[in-house]
Amino acid sequence: MTQPLSEMTRDTLAACGVSRDLEVAGGQAVISPLTGEAVAHVATDDAASAASAIDRAAAAFRDWRLVPAPKRGELVRLFAEELRASKEELGRLVSIEAGKSPSEGAGEVQEMIDICDFAVGLSRQLYGLTIATERPGHRMMETWHPLGVVGIITAFNFPLAPWCWNAALALVCGDPVVWKPSEKTPLTAIGCQAVFDRALARFGDAPEGLSQILIGGPEVGEVITDSPKVALVSATGSTRMGRIVGPRVAARFGRSILELGGNNAGIVCPSADLDMALRAIAFGAMGTAGQRCTTMRRLFVHDSVYDELVPALKRAYASVSIGNPLETDALVGPLIDAAAFDAMGVALRTAQEAGGTVHGGERVEVGPETAIYVRPALVEMPAQTGPVMEETFAPILYVMRYSDLDAAIEDHNAVGGGLSSSIFTTDLREMEVFLSARGSDCGIANVNIGTSGAEIGGAFGGEKETGGGRESGSDAWRAYMRRATNTINYSRDLPLAQGVTFDI
Ligand code: UN1
């Protein structure tokens, strides 16, 4: 490496506009998975500072809700301009902290830009309905109002985009945001905040505390989860985390959007374009080192194409380039930490005990001892059992044969996760069945593309243990606003609904 990583990190943060020295003696170490070394030590928040941040956000809400939505959109438009200017730097922070390739890091910033552009348009389209009333001389309508403070909890693997899906919509909807990034990626959040602050400075008169970050662990997350001043908690992470956050927010009648684990699968049908399927599966299963919530983790291959597709996949697994993506053009970067490698090892051993044949999965010595690079694992399974039923956040693809599509769809839907899914087919009937009520039960169902890499225009999220929330495009904005039904009587009478009489 031409420049030490900690120095590159400091320079990159400074280029984003971070003026203060973040290095704090005794602060929380930020480890780059690229090398396993600490690139910074940052100060953390505690419960008291988290509560103050929420108070500031609640105060900001009182003003921000009164700013016309298209004007709020102007702030997001400026933010998108600043993001375009700092795309490379923010992408590099993603590479340093999450281990992604420059292309994936830049792609994540592009995803932010895209949702900002979407949100700017949305700021003039927060429409309510006008509804026919049963009473003469009356009008009925829906109005959408700002909701309140939105708490955003994000995961290490996408340190930026999910925050922005929430923040861009929340801001145009009139809601301040308080963000707790993963403990593993605080610097990306700090860099992003600096870029946002540049937009704020250009915007001028926004209330203080409109967008804040809280660096810390569960003790900070708990304050967000439990505070009655946080109207909506949008949390991305494991199903285990969601089982804690969801009920706690519900207990105080708060709203939540949960984007939790997936156990995403593809089905390869007899008529599939196998070259295309191969590339889509390779990206879906090995891209981002298997650390996307949308990563393809299971594959059902029809008997008639198994012996053509699976050997080709094994070759792709054996030859894929692995290494530090800032130093090489490797497609597969590191695992986030040793715990991820341990979990991968346990899953592979358990799969073997259940009759699976494992290809790959071993450590690859392409970096310092402290960094964890692995060859993605392809595991041929006799049936969908054991670890195949679970999401292991590592590059493992379990491959199974099928002969009957209905049975394959049954197996496809038999897991807890319900995020993303794909079918590879050129048969119209198979495609439509997969997309129909008796097909995939996931929030995302694709045809002839992989499970990952969704665009922002659609609603993003999934069913069952994925948590049921929807973020990003389509009408996901409604979760960030409260709906009022208004009935207006412009007549001189008082007819009651349902024909009820009440004469005094
Ligand atoms: C995540 O892994 O939490 O669809 C989000 C994708 C990306 C978002 C992934 N657009 O893979």
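The values are calculated or read from the model by the stated rules, or taken from the named source; none is laboratory data. Treat the numbers as computed from the prediction; the structure is a model and nothing was measured. With ideal geometry, Cβ positions are generated from the backbone for all residues, glycine too; neighbour counts draw on all protein chains shown.
Computed values, structure above
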read-out	value
Meets criteria (closer than 26 Å to GLY151 by Cβ and part of a helix (DSSP H, G or I)) for ALA484	no
Long-range neighbours under 9 Å by Cβ, at least six apart or interchain, first residue in contact (Cβ under 8 Å) with a residue 24 or more places away in the chain and not assigned by the TED database to the domain that holds HIS359 within segment 293-320, second within 16 Å of the ligand (Cβ to nearest atom) and not charged (D, E, K, R)	none
Members of segment 227-254 that are part of a loop (DSSP other than H, G, I, E, B) and either buried (at least 17 other Cβ atoms within 10 Å of the Cβ) or in contact (Cβ under 8 Å) with a residue 12 or more places away in the chain (or both)	SER227, PRO228, LYS229, GLY237, SER238, ARG252, GLY254
Any hit, segment 400-413, residues being within 16 Å of the ligand (Cβ to nearest atom) and either under 24 Å from the mean Cα position of the chain (by Cα) or under 25 Å from ALA340 (Cα atoms) (or both)	no
Number of positions in segment 155-181 that are part of a helix (DSSP H, G or I), within 15 Å of the ligand (Cβ to nearest atom) and not small (Gly, Ala, Ser)	5
Hits in segment 301-330 (condition: out of contact with any Leu (no Cβ under 9 Å at 6 or more places or on another chain) and either among the basic types (Lys, Arg) or closer than 27 Å to VAL415 by Cβ (or both))	ASP303, SER304, TYR306, ASP307, PRO311, ARG315
Odd one out for ALA201 among (1) surrounded by fewer than 21 Cβ atoms within 10 Å (Cβ to Cβ); (2) of a type outside the set (Asp, Glu); (3) in contact with a Ser or Thr (Cβ under 8 Å, 6 or more places away or on another chain)	(3)
From ILE281, ILE257, ILE267, residue being in contact with a strand residue (DSSP E or B) (Cβ under 7 Å, 6 or more places away or on another chain) and either surrounded by fewer than 23 Cβ atoms within 10 Å (Cβ to Cβ) or in a helix (DSSP H, G or I) (or both)	ILE281
Count of segment 265-303 residues which are among the polar types (S, T, N, Q), within 17 Å of THR425 (Cα to Cα) and within 12 Å of the ligand (Cβ to nearest atom)	0
Residue pairs meeting the criteria (Cβ under 6 Å; at least 6 apart or on separate chains; first among the acidic types (Asp, Glu), in segment 355-366; second surrounded by 16 or more Cβ atoms within 10 Å (Cβ to Cβ))	GLU362/ARG375
Hits in segment 83-105 (condition: away from the ligand (no atom under 13 Å from the Cβ) and among the aliphatic types (A, V, I, L, M))	LEU83, ALA85, LEU90, LEU93, ILE96
Any chance LYS184 is charged (D, E, K, R), in contact with an Asp or Glu (Cβ under 7 Å, 6 or more places away or on another chain) and within 16 Å of the ligand (Cβ to nearest atom)	yes
When residues of segment 454-473 are limited to those that are away from the ligand (no atom under 11 Å from the Cβ) and part of a strand (DSSP E or B), the one surrounded by the most Cβ atoms within 10 Å (Cβ to Cβ)	LYS464
Listing of strands (runs of 3 or more DSSP E) fully contained in segment 345-432 that carry 2 or more residues being closer than 29 Å to LEU331 by Cα, modelled with pLDDT of 95 or more and among the small types (Gly, Ala, Ser)	420-424
Test: residue in segment 143-154 that is closer than 30 Å to LEU34 by Cα, within 12 Å of the ligand (Cβ to nearest atom) and not in a strand (DSSP E or B)	yes
Residue check for THR35: touching an Asp or Glu at 6+ places or on another chain (Cβ under 6 Å), outside the structural domain of MET481 (by the TED database), crowded, with 17+ Cβ neighbours inside 10 Å and β-branched (Val, Ile, Thr)	no
Residues located in segment 304-321, provided they are of a type outside the set (Ser, Thr, Tyr) and either within 16 Å of the ligand (Cβ to nearest atom) or within 24 Å of ALA454 (Cα to Cα) (or both)	LEU313, ALA316, VAL320
